[in-house]
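Report on one structure; see the data block that follows.
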Amino acid sequence: MEKRAVFGNRALPYALLAPQIAITLIFFYWPAAQAVRQSFLVEDAFGLSTEFVWFENYIHLFTDPGYYRTLWTTVVFSTAVTVMSLSVALLLAVMADREIKGATGYRTLLIWPYAVAPAVAGVLWIFMLDPSLGIIAQGLRRLGIDWNPRLNGTHAMIQVVLASSWKQISYNFLFFLAGLQAIPKSVIEAAAIDGARPWRRFWTIILPLLSPTTFFLVVVNIVYAFFETFGTIDAMTGGGPAKATETLVYKVYADGRLGGDLGGSAAQSVILMAIVIGLTAIQFRFIERKVTY
Amino acid sequence: MASVTLTDVRKVYHGGVEAVRGVSFEVADGSFCVLVGPSGCGKSTLLRMIAGLETISGGTVRIGERVVNAIEPADRDIAMVFQNYALYPHMSVYDNMAYGLRNRGTPKAEIDARVREAARILDVEPYLDRRPKALSGGQRQRVAMGRAIVRKPQVFLFDEPLSNLDAKLRVQMRVEIKRLQRSLGVTSIYVTHDQVEAMTLSDQLVVMNAGQVEQIGTPTELYRRPATRFVAGFLGSPAMNFIPAVLRDDGAVSVGERRVAVSAGAGGGRAGLPVELGIRPEDLRVAASAPGTLPLEIEFVEELGATQLIHGRIDGVAATVQVATGAAPTEGTLALAVEPAATHLFEPESGRRL
Ligand SMILES: Nc1ncnc2c1ncn2[C@@H]1O[C@H](COP(=O)(O)OP(=O)(O)OP(=O)(O)O)[C@@H](O)[C@H]1O
Ligand SMILES: [Mg+2]
């Protein structure tokens, strides 16, 4: 059935839409257009003159081994965050689903991390992982591991992955729990009678039935790891040591803001925009097809 | 194949709901047992305890010689058909049926043979590659049955498997289930609240009420000699008429001022005891008005085609009589006679048969 509102005054619908459109134009399209324009320009160090250079910024970027290193760092980081936050969330959701009676309190506790600002999450983990003060670091030292994220790139990476995943777990948990609750109990029971042990039930029944949820969350988590972990990384490692935790988004900031290379930074932004558009397109396609069985 | 024996089985849910209160009965090897009773009487709970889906709070369940109280559902060698079918939505019909065999490590060739055999028996061969959501309710029902039979289990358990089907399909599937059970000879326990299903399917009928067994026997036994007023009222459609009466000492009861002869030996020597006189609508005959007949003031008539149900009141108590269409007037007052052998007497308080 077609649902349409009928406006007597032809101008009214446009007037009602105007604020939303204005906000989108000013805060999204305008900066985006600026970034594209900027990516074709080179500005001297003092901002006194600009020169139109066509694709030079992009060529520069794609011939820079540093850019590929950052790209690789981003891939490692995003994969680690996605896998970690999804698997921990799924584990918790399966446990909560089993004992759903106590789950209201449990659920509330698990959703809290989501309300913590990224930078605060970073600081929290810094306290726990600080080489000299943090309790986790002390525990590791006792186990004979010389934990030092300030000097060791791998340690720094583990640190930002932990903090970033932790933030996302509650969100993923809620979706997984909802997904699990939507699986009819009798289907699981039928599988139990059909001779499937809990572990096999999980792999052959529960996980496949959760696949629409999982797919949705994979995309959401990749987008999160790419674009929303800036605060966490900035607070914890500042991209260091030796750029070991510098992701693409962080590099935009580091090159543009700290390095003063506005053109190169803008070119990176444009590439990131393309990535977002790509991910969103994939997501919409699959949501349309619903990834069902 | 195996028998199933329940001994004083109890179930208390969290929160203290006593769903099953001491149920004992035995289902003989290869026979078809139906558990019937009103909603909430504990039928599903009992069946789920036999399946191992619900813990047993007390008593023992045996399958064959083995006590299965502490045995996982997978190891009880049973198959269950659920009310909502519980097919695996992400698997094809073939995989749905093969799943249980694969879990048990059955060789591929044998799985294929058994699945195809079941599909042939159940007439679902054309749909083997489809997903359950692309099937009609009746086809899903067949697949669910197929999933149960490919495993060749010791016992089939059914929990209201037909209640999601339309009336016509339900009758058709009922016949098929019976035929299948006969040909496979697998011990079956079937839960329903539909007394027609219960009567038609069962070798052994177990009527439950409020977590307890009211009566066990063949459908005919229960129909002819219900042990309690509950069973009498539950089995049979239209339901039995109950008329307040008083015992006399001459093999009869008084209904108001009228003397009605009842089955021999009922309640001997307890003259003056108030009782309920139970008579099935089809056991009442339209007769000429005479001292031993009951007067029915007609209220309305239901047409069933070959027969009609005449509803009315006997001494102000609602009653129904079933007669061949056109065999009786449909207005005014009818005089009804009854064979003494077709009467049932129940104690009003305990509801027990006299
Ligand atoms: N998980 C549960 N927790 C607590 N009480 C329950 C639970 N499951 C069932 N009950 C209660 O146990 C009683 C028996 O339930 P059961 O499902 O066995 O009834 P039933 O005879 O199958 O009824 P129906 O014909 O409606 O399916 C009911 O009073 C019900 O409320
Ligand atoms: Mg039930």
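The values are calculated or read from the model by the stated rules, or taken from the named source; none is laboratory data. All of these numbers come straight from a predicted model, not from anything done at the bench. Glycine also receives a Cβ, built like all others from the backbone with ideal geometry; neighbour counts cover every protein chain displayed.
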(request) Collect the residues in segment B:1-34 that are assigned to a strand (DSSP E or B) and either away from ligand 1 (no atom under 14 Å from the Cβ) or in contact with a His (Cβ under 8 Å, 6 or more places away or on another chain) (or both), keeping them in residue-number order. (result) B:Val4, B:Thr5, B:Leu6, B:Thr7, B:Asp8, B:Gly22, B:Ser24, B:Phe25, B:Glu26, B:Val27, B:Phe32, B:Cys33
(request) Within segment A:149-206, track down each residue that is under 30 Å from B:Asp77 (Cβ atoms), aliphatic (A, V, I, L, M) and within 14 Å of chain B (Cβ to nearest Cβ). (result) A:Ile183, A:Val187, A:Ile188, A:Ala190, A:Ala191, A:Ala192, A:Ile193, A:Ala196, A:Ile205, A:Ile206
(message) I'm checking my understanding of the structure. Among residues of segment B:139-164 that are within 16 Å of ligand 1 (Cβ to nearest atom) and under 19 Å from B:Ile63 (Cβ atoms), which one is surrounded by the fewest Cβ atoms within 10 Å (Cβ to Cβ)?
(response) B:Asp159
(message) Quick check on segment B:19-43: of everything there that is charged (D, E, K, R) and away from ligand 2 (no atom under 16 Å from the Cβ), which residue is surrounded by the most Cβ atoms within 10 Å (Cβ to Cβ)?
(response) B:Arg21
(message) Restricting to segment B:44-91, name every residue that is farther than 21 Å from B:His14 by Cα, of a type in the set (Gly, Ala, Ser) and more than 16 Å from ligand 2 (Cβ to nearest atom).
(response) B:Gly64, B:Ala74, B:Ala79
(message) Out of the residues in segment B:183-217 meeting the condition of being within 26 Å of B:Glu349 (Cα to Cα) and in a loop (DSSP other than H, G, I, E, B), tell me which one is modelled with the lowest pLDDT.
(response) B:His193
(request) Identify all residues within segment B:35-80 that are more than 14 Å from chain A (Cβ to nearest Cβ) and in a strand (DSSP E or B); write none if there are none. (result) B:Leu35, B:Val36, B:Gly58, B:Gly59, B:Thr60, B:Val61, B:Arg62, B:Arg66, B:Val67
(message) Can you pull out every residue in segment B:40-73 that is basic (Lys, Arg) and within 16 Å of ligand 1 (Cβ to nearest atom)?
(response) B:Lys43, B:Arg48
(request) Would you list the helices (runs of 4 or more DSSP H) that sit entirely within segment A:181-293 and hold 3 or more residues that are crowded, with 17+ Cβ neighbours inside 10 Å, out of contact with any His (no Cβ under 6 Å at 6 or more places or on another chain) and at pLDDT 85 or above? (result) A:185-193, A:211-227
(message) So, in segment A:134-152, exactly how many residues are surrounded by 15 or more Cβ atoms within 10 Å (Cβ to Cβ) and among the hydrophobic types (A, V, I, L, M, F, W, C)?
(response) 4
(request) Can you tell me which residue within segment B:99-138, out of those that are facing chain A (nearest Cβ under 10 Å) and either buried (at least 21 other Cβ atoms within 10 Å of the Cβ) or of a type in the set (Phe, Trp, Tyr) (or both), is farthest from ligand 1 (Cβ to nearest atom)? (result) B:Leu101
